[in-house]
1. Does residue 245 count as outside any helix (DSSP H, G or I) and either over 14 Å from the mean Cα position of the chain (by Cα) or more than 16 Å from the ligand (Cβ to nearest atom) (or both)?
2. Could you list, in sequence order, the residues of segment 48-79 that are touching a residue at least 60 places away in the same chain (Cβ under 8 Å), over 22 Å from residue 122 (Cα atoms) and in a helix (DSSP H, G or I)?
3. Starting from segment 193-220, keep only residues that are over 18 Å from residue 335 (Cα atoms), then list their pairs with residues that are near the ligand (Cβ under 10 Å from one of its atoms) and modelled with pLDDT of 95 or more whose Cβ atoms are within a distance under 6 Å, requiring at least 6 positions of separation or different chains.
4. Just to check your reading of the model, which residue among 375, 379 is within 19 Å of residue 223 (Cα to Cα) and assigned to a helix (DSSP H, G or I)?
5. Looking at 169, 155, can you tell me which residue is within 13 Å of the ligand (Cβ to nearest atom), more than 14 Å from residue 50 (Cα to Cα) and buried (at least 23 other Cβ atoms within 10 Å of the Cβ)?
6. Go over the candidates 108, 150, 216 one by one and state the one that is in contact with a helix residue (DSSP H, G or I) (Cβ under 8 Å, 6 or more places away or on another chain), closer than 30 Å to residue 318 by Cβ and not in a loop (DSSP other than H, G, I, E, B).
7. One residue is enough: does segment 270-290 have a residue meeting the conditions touching a strand residue (DSSP E or B) at 6+ places or on another chain (Cβ under 8 Å), assigned to a helix (DSSP H, G or I), within 15 Å of the ligand (Cβ to nearest atom) and under 21 Å from residue 154 (Cα atoms)?
8. Which residues, taken from segment 349-400, are crowded, with 16+ Cβ neighbours inside 10 Å and touching a strand residue (DSSP E or B) at 6+ places or on another chain (Cβ under 8 Å)?
Ligand SMILES: [Fe+2]
């Protein structure tokens, strides 16, 4: 068994490295206290800045005034758009972009979780475009330059500071939609672990599960490469080791989770996400379940479902975590058990029904999940409506 696995591994490496395209990341600063550098970084792009953030977090904990101070100390004019809601809507992006155009903004500073960063990506795009943000949703690919964007993440989950994706919500259709393309990758990312001091335990856990999901989904994705696998495996190792400490409030553990979420962002930037995100979006758009929590509920089922076509990868991941038996089915079970234990330890329920999702929604859930083709087509094993129904059914009952 070991010999076969090793042979397959080297073949995979050879095959995948014959040809690949990879966009290099932009400037990334990971340092305690680096929030103070925002003004200096922003000043490289012009004199008129716009801070994009949510309604409460940045103001409540004094970060907004800190950002205003560092920007004005470098001579920048500061405008503020603090209206980004969780799961930001297309309308929010459109109203933010009006502010950009009305004030000839030179640089956008996005501060917050995935919602603030993704909304800011849309605002930076529409700031240089005419029409509606709907005109630029995927399958449109954003190749062009947008308003320069500095991204400052404040959770352990999104990875959005280094990705070419912005996930938005079409509130009329109750559906997630996405902007995709190298043009919306932030030019500068500033990761200051100090912002995590005030991140509460439940959000630390949910966003860490989003990152864990990114890492494992990218690892299993059809688009994975040896490079994305490096990011994925390292990220999984770190998250599984530090999630509980971060949940209990240790800033050192949170700092590791922050780093791991960044690695997972680099992984999905190459390989994308698969069925976990595709099936999870319904839970957010129809039940307001936190995006990371939705992924946590579905991740074990995706591992179980994909193991038959990803045996080598499952064994290699279990090996990296030091739990491999050499048998893919047993190793998948061990990986799933690690995830179930983490979920339990951070207070995540076993069943979707515990989160208010009902069996009588099943057909609606399936039909909506099947529309997230972009995620499903990356899945290593073909996913039919009947597969999705089975997975949701199991998840509703906690059958894993
Ligand atoms: Fe995500």
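The values are calculated or read from the model by the stated rules, or taken from the named source; none is laboratory data. Please read all numbers here as calculations on a predicted model, not as lab measurements. Note that each Cβ is placed from the backbone with ideal geometry, even for glycine, and that neighbours are counted across all protein chains shown.
1. no
2. 63
3. That search, which allows pairs on different chains as well, returns 206/292; 207/292.
4. 375
5. After ruling out the rest, the residue left standing is 155.
6. Residue meeting the stated conditions: 216.
7. Yes, the conditions are met somewhere in segment 270-290.
8. 368, 372, 374 - these are the residues of segment 349-400 that are crowded, with 16+ Cβ neighbours inside 10 Å and touching a strand residue (DSSP E or B) at 6+ places or on another chain (Cβ under 8 Å).
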